[in-house]
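Take a look at the structure set out below.
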Amino acid sequence: MKKNILVVISILVLTACSGEIDLDKKEKKELTFNQLSSELKEIYRTQFSTKSDSIDYYVYSLDKNFELTHYWTGINKQFLTKGFNHHFVINKKEFKLGANQGDPFILSNKKLYYTTELNLSEFNYKKAKFIEIDLTAYIK
C-alpha cells in the first residue's frame with residue numbers, strides 16, 4: 001500500500017513540476033474574422049500550403065520582444081492520440097495546448113491566437129472561429 005501511495009505522489013510531483021502552463025484550462029475569447037486586427041486578418045487570409053501529413057505548423061510573433069517557438073508531441077504524425085499536444089515556448093516560458101487546433105498560431109500584444117479550423121483556406125477563413133488567449137499574466 002505504501003508503494004502505491006509513493007508511486008501516485010511521484011507521478012503528481014513530476015506532473016506538477018513540468019513547468020508548462022496548460023492553455024486548455026485558461027479563459028478563451030472566441031472571435032470572428034471581422035473582429036481580428038488588420039495584422040491578424042492579413043496573416044489568416046494568406047494561402048498556406050498544407051499537406052495532409054504535414055508536421056509543420058505556421059507560427060508568428062508580432063511582438064518584437066517575444067520569440068515564439070512551437071513543437072508538438074504525439075505517438076504518430078498520421079494519428080492524433082491522447083498524448084498529442086501543441087507546445088509553445090515564449091521567451092523560455094512553456095505552454096501546452098491540446099490537439100485539433102488550427103494554425104497559424106500568432107502571438108500579438110501578449111495574446112495567443114489560433115483558429116478552430118484544421119485546414120484554413122481561402123474558402124473558409126472568413127467563416128472560421130478564432131480563439132484568443134491572454135498571456136499577459138505569464139509573459140513579461
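The values are calculated or read from the model by the stated rules, or taken from the named source; none is laboratory data. In this text, all values refer to a predicted model and were calculated from it rather than measured experimentally. Note: ideal-geometry Cβ built from the backbone for every residue, glycine included; neighbour counts use all protein chains shown.
Residues of segment 108-122 that are in contact (Cβ under 8 Å) with a residue 24 or more places away in the chain and surrounded by fewer than 22 Cβ atoms within 10 Å (Cβ to Cβ): 108, 109, 110, 111, 119, 121, 122. Can you confirm whether segment 84-96 contains a residue that is modelled with pLDDT of 95 or more, of a type in the set (Lys, Arg) and out of contact with any helix residue (DSSP H, G or I) (no Cβ under 7 Å at 6 or more places or on another chain)? Yes, the conditions are met somewhere in segment 84-96.
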